[in-house]
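The values are calculated or read from the model by the stated rules, or taken from the named source; none is laboratory data. The structure presented is a predicted model; accordingly, all values stated were derived computationally and were not measured. Cβ coordinates were reconstructed from backbone atoms using ideal geometry, including for glycine residues, and neighbour counts include every protein chain displayed. SASA here: full protein model, heavy atoms, side chains in, ligands and nucleic acids out. Shrake-Rupley method; radii C 1.70, N 1.55, O 1.52, S 1.80 Å.
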Protein chains: 2
Amino acid sequence: MDARSKTPPTSITEVTLDVLEDTLSFYIRTMNIAVSRDLDDKLEGLDVAKGTGKITTLLLVDSHPGIRPSIIAELILRDRSATGRLMEQMEDHGLITRRQSSTDSRVQELYITEKGAALAARIRPLVTEQSRDFFKFISPEEQQQLMDILKRAYRRIVGLP
Amino acid sequence: MDARSKTPPTSITEVTLDVLEDTLSFYIRTMNIAVSRDLDDKLEGLDVAKGTGKITTLLLVDSHPGIRPSIIAELILRDRSATGRLMEQMEDHGLITRRQSSTDSRVQELYITEKGAALAARIRPLVTEQSRDFFKFISPEEQQQLMDILKRAYRRIVGLP
DNA sequence: TATTGTTATACTCTATAACTATA
DNA sequence: TATAGTTATAGAGTATAACAATA
């Protein structure tokens, strides 16, 4: 059988997504676009909007003073070069500071600034709320299911127990 | 209480993700990075690697001859300008052709080429397999659960019933 | 020899706005 | 006045490779 249609579709309701209809990675990828766009809107103008990594970095540095860029790199799934540029950008914005470690001069220690701490405090509720609101039409039980499974996947991929 | 640690962590296992630990959008965004990277690897050199949209476009045009760019734009969550550039790129690669509609000269009809059809046939199993393999460590039942929920979210966002 | 971080490059995506042509 | 598609631009992310300094 062939799913090919005879006349061109004139509305999205006449379209099927071919094999993507049942492909989990397709939904992850498209939902990422939607949820990231919504998050950017909610954080507009806030110095951590746009792109993945800024929020995680800010919260990690705030919660773990002295954390190293290479650890953040592993957790946000970026390489060291991308992470380095991210740190530089956040330092330029006055959110974090970088210090050379006294015990191993190759490594840097990251510390939050006052401005960074204030921003962290401000975005924590926003980030939580955005996720909850965005998935509002999915029941809390299913949201939890979804998160449990994805959390397991994430932890496995970054190498957490 | 304060989750702040006293000494800098030296391994990712000593780190907690702050509020992101329980934030669904965080996991969607990070899993997107991982799954997209893996998909790019699996499709390396294949003219549809890199970026979301090329695969969907190729399969949609193959399954729905004469489909319009604006319909594809809605389904891949891009605006018309981004979609237009995507169409141009795929036409340059000889995968699709664009024709002006005879009934409404504003709209274009997209058609697959021989080369495009061959590529579509080739990637269909690859795309399905990639998703299955990538989430192999999650049980088939849970994969299905995950997909059902995300599919519902996707359909709601693009405005499908 | 491995690790941490830097630099450079080239490519792609994203968002916005202004524009043409047609309905 | 609304719709389909184009063009231009600025900002961001991504991948890769080569590099310096240190362990």
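Note that the range B:22-131 presents 44 Å² accessible area per residue, ligands and nucleic acids not counted, probe 1.4 Å. Each copy carries A:Arg152; placing its label point 7 Å along the C-beta direction from Cα gives inter-copy distances of 1.9 nm, listed from smallest up.
Dipole orientation for the range A:19-128: of the candidates A:Gln89, A:Ser102, A:Leu58, A:Ser102 has the Cα lying most toward the positive pole (charges on Cβ; Lys, Arg +1; Asp, Glu -1). With its label point put 7 Å out from Cα toward Cβ, B:Glu21 sits 4.2 nm from the same residue's point in the other copies, in order from shortest. Ballpark to the nearest 100 Å², how much total accessible area do B and A bury together, probe 1.4 Å? Protein heavy atoms only, the B-A interface buries about 8000 Å².
Summary value for chain A: 19 percent relative contact order, contacts being C-alpha pairs under 8 angstrom separated by 6+ residues. About its Cα centre, the protein assembly as shown has a charge dipole of approximately 260 debye under the convention of +1 per Lys or Arg Cβ and -1 per Asp or Glu Cβ, with nothing else charged. Under the simplified labelling scheme, the A:Ser81-A:Ile33 pair shows an inter-label distance of 2.7 nm, with each label point 7 Å from Cα along Cα→Cβ. Under the convention that each Lys and Arg Cβ holds +1 and each Asp and Glu Cβ holds -1, the size of the dipole of chain A around its Cα centre is about 460 debye. Against chain B, whose longest principal axis comes from its Cα atoms, helix B:24-42 is set at around 60 degrees.
For helix A:80-92, what angle does its Cα long axis make with the longest principal axis of chain A, in degrees from 0 to 90 and rounded to 10? So the inclination is approximately 70 degrees.
Using a/c under 1.5 as the rounded threshold, could you call the range A:19-128 rounded, prolate or oblate? The axes a ≥ b ≥ c are square roots of the C-alpha gyration tensor eigenvalues, and prolate needs a/b larger than b/c, oblate otherwise. Oblate. Compare B:Thr57, B:Thr97, B:Thr30 in a GNM of chain B, Cα atoms joined below 10 Å, and give the one with the largest fluctuation. Highest fluctuation among the options: B:Thr30. Neighbours of A:Leu39, meaning other residues whose beta-carbon lies under 15 angstrom from its beta-carbon, give a summed charge of +2 when Lys and Arg score +1 and Asp and Glu score -1.
If you fit an axis through the alpha-carbon atoms of helix B:140-158 and take the longest principal axis of the Cα set of chain B, what angle between them do you get, 0 to 90°, nearest 10? Relative to chain B, helix B:140-158 is tipped by roughly 60 degrees.
Distant-in-sequence amide contacts of B:Ile96, defined by a placed amide H-H separation under 5 Å and a gap of 5 or more residues or a different chain, comprise B:Glu91, B:Thr113. In terms of its C-alpha gyration tensor, the range A:109-161 comes out oblate, because a/c is 1.5 or above while a/b does not outweigh b/c. Give me the percent of the accessible area of the protein assembly as shown that comes from carbon and sulfur atoms, probe 1.4 Å, all protein chains in place. That share works out to 49 percent. A DSSP coil position with no more than 15 other Cβ atoms inside 10 Å describes the following GluC sites (Glu not before Pro) in the range A:14-46: A:Glu44. Measuring from each Cβ of chain A to the axis carrying A onto B, the nearest residue and its distance in whole Å come out as A:Asn32, 2.
Take chain A and mark each of the trypsin sites (Lys or Arg not before Pro) that is in a DSSP loop with at most 13 other Cβ atoms within 10 Å; the longest unmarked stretch, sites excluded, is A:51-105.
The H on the amide N of B:Ile67, modeled in the peptide plane, is under 5 Å from the matching H of B:Leu110, each at least 5 residues off or on a different chain. Please label the shape of the protein assembly as shown as rounded, prolate or oblate, based on the square roots a ≥ b ≥ c of the eigenvalues of the alpha-carbon gyration tensor (a/c under 1.5 means rounded; beyond that, a/b larger than b/c means prolate, else oblate). Since a/c reaches 1.5 and a/b is larger than b/c, the shape of the protein assembly as shown is classed as prolate. Between the range B:54-119 and the range A:38-97, the C-alpha centres lie 37 angstrom from each other.
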